[in-house]
Amino acid sequence: MLLLAMWIYGGKKVQMARKTCINMSNKKVLWTPSQSIMPKSELIRASKINIILAQPNSPLQYPIHGLTVTPMKKSVIPGIFLLFIWGFSVNNDLEGVQVGGQDQSNLTISSSHLDHLNHLLSTVTYKSNVYHIRTSDMGRDLYCVSETLHYVPHKPGTVTVVTKTFLRYNELKVLINSIRQFYPDIKIIIADDSLIPEKVTGTNIEHYIMPPAQGWFAGRNLAVSQVTSKYFLWVDDDFVFLSKTHIENFVEVMEAIPDLDLGGDVDGNQFYFSLMYEEGDEDGGGCMKRVHGQAHSTLPGFEDCYLVDGVVNFFLARTDAVRKVGFDPVLKRVAHTEFFIDGLGDLLVATCKGFSVGHQQRTFREVYSKYRTQTRNQEKEKLAHHFFKNHLKCIKY
């Protein structure tokens with residue numbers, strides 16, 4: 001009888017414990033390695049996904065580094081013995097094999113046939129039950145949030161309001177006046193690539209003139225590059241602040257959850273989505289799908305906030321985190337989801353109910369519409385750029 005047991009201890013570095021009882025020539029050999037015994041120094045590096053496998057002192061091996069999995073989805077663990085936290089499961093399709101602890105952190109497989117055991121090991125999967133973009137094989141708490149949250153007042157210099165404008169000076173003035181009604185001293189940064197720039201004046205306003213029609217993401221890069229505060233609040237130039245647009249509520253959540261980037265809603269529309277990626281082969285690439293209204297999980301400690309992959313154009317972000325991702329200046333006209341695709345795996349994004357900003361009534365402008373609307377050829381060029389840049393063979397919005 002060959003017995004394999006695996007388990008994880010939360011709050012500590014992953015420990016591996018094995019007890020192998022092998023019946024050879026009617027003699028039982030019992031081997032229980034101590035936790036201080038290290039695996040052999042020889043490491044096997046898988047060529048495709050860069051997984052490091054350790055050769056242990058038993059018939060089994062296990063990965064020790066380099067496995068990337070999709071959050072909240074079951075993922076097969078190659079070169080199997082033991083790895084990762086929270087939950088394991090296995091497809092048991094063999095008779096005479098006992099499996100205990102399905103979908104738990106302690107999985108036990110027992111069989112009298114070594115080939116049966118090896119077959120089941122090749123189907124062991126891991127599924128996280130906490131969504132986070134920077135977890136690895138450390139059994140530690142991902143969040144430490146007090147149940148009692150205290151009011152965090154907005155401090156001047158903590159947040160900068162950032163926007164990009166093009167030919168919409170009337171809307172921009174309405175936005176600035178609404179900001180000043182509630183936040184008289186907050187800094188406002190404007191990137192402007194209008195065809196004929198107009199002067200924008202006011203207290204604590206930085207207005208940066210660009211060459212004409214450089215585009216949406218080029219303007220975002222310029223504006224964010226000038227932010228000196230810890231956070232920036234991104235708004236469109238035709239938004240309007242309301243009595244319920246409380247920046248301090250954004251800051252409160254951000255201060256409680258490290259690495260978080262937070263979105264609200266515009267006129268009650270949260271417009272959040274998740275990105276589903278199916279890995280393809282080396283030649284064809286993978287597939288990306290945007291699913292509207294789907295969240296990964298609630299944000300621990302904040303029942304009205306949900307972890308997602310993308311949010312509306314009204315969000316508070318950590319300046320240094322967004323700078324690391326950047327905005328692709330190739331995207332000039334229509335671009336939003338593309339930023340979150342670039343940030344997938346690097347930005348931890350959430351959306352919260354009750355964090356609202358208003359939207360001004362839309363006014364048709366023929367010249368603006370000409371630059372704003374993509375042609376069919378521009379759409380094809382954008383998709384081709386995505387496919388090449390992200391090694392995709394298909395994308396579905």
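Which ones in segment 344-358 are more than 18 Å from residue 305 (Cβ to Cβ) and either surrounded by fewer than 16 Cβ atoms within 10 Å (Cβ to Cβ) or touching a helix residue (DSSP H, G or I) at 6+ places or on another chain (Cβ under 6 Å) (or both)?
345, 346, listed by residue number.
Considering the conditions (1) part of a strand (DSSP E or B); (2) over 26 Å from residue 127 (Cα atoms), residue 388 is excluded by exactly one of them, (1).
Hey, does segment 251-263 have a residue that's touching a Ser or Thr at 6+ places or on another chain (Cβ under 9 Å), of a type outside the set (A, V, I, L, M), surrounded by 14 or more Cβ atoms within 10 Å (Cβ to Cβ) and under 14 Å from residue 315 (Cα atoms)?
Applying the first criterion (touching a Ser or Thr at 6+ places or on another chain (Cβ under 9 Å)) to segment 251-263 yields 251, 256, 262-263.
Subsequent filtering for residues that are of a type outside the set (A, V, I, L, M) retains 263.
When the remaining residues are screened for being surrounded by 14 or more Cβ atoms within 10 Å (Cβ to Cβ), the result is 263.
Adding the requirement that they be under 14 Å from residue 315 (Cα atoms) leaves 263.
Checked segment 251-263: at least one residue is touching a Ser or Thr at 6+ places or on another chain (Cβ under 9 Å), of a type outside the set (A, V, I, L, M), surrounded by 14 or more Cβ atoms within 10 Å (Cβ to Cβ) and under 14 Å from residue 315 (Cα atoms).
Filtering segment 338-370 to residues that are without any contact (Cβ under 8 Å) to a residue 12 or more places away in the chain and part of a loop (DSSP other than H, G, I, E, B) leaves 361, 364.
When the criteria are applied in full, residue 303 fails the requirement of being loosely packed, with under 15 Cβ neighbours inside 10 Å, over 26 Å from residue 175 (Cβ atoms) and in contact (Cβ under 8 Å) with a residue 60 or more places away in the chain. Of the residues screened, residue 165 is one that is touching a Leu at 6+ places or on another chain (Cβ under 8 Å), under 29 Å from residue 227 (Cβ atoms), surrounded by 13 or more Cβ atoms within 10 Å (Cβ to Cβ) and modelled with pLDDT of 65 or more.
Whenever a residue of segment 221-244 is under 10 Å from residue 175 (Cα atoms), its partners that are among the small types (Gly, Ala, Ser), lying with C-beta atoms within less than 7 angstrom and at least six residues away or across chains, give the pairs 239/358; 240/178; 240/358; 241/178.
Of the residues making up segment 267-299, those that are modelled with pLDDT under 90 and either within 18 Å of residue 356 (Cβ to Cβ) or assigned to a loop (DSSP other than H, G, I, E, B) (or both) are 267, 268, 269, 270, 271, 282, 283, 284. Within segment 371-384, the set of residues being over 28 Å from residue 233 (Cα atoms) and not in a loop (DSSP other than H, G, I, E, B) comprises 376, 377, 378, 379, 380, 381, 383, 384. Annotation: of all residues in segment 201-231 being of a type in the set (A, V, I, L, M) and part of a helix (DSSP H, G or I), the one that is farthest from residue 249 (Cα to Cα) is 218.
The values are calculated or read from the model by the stated rules, or taken from the named source; none is laboratory data. Bear in mind that the values here come from a model prediction, so they are computed numbers and not experimental data. Backbone-built Cβ (ideal geometry, glycine too); neighbour counts: all protein chains shown.
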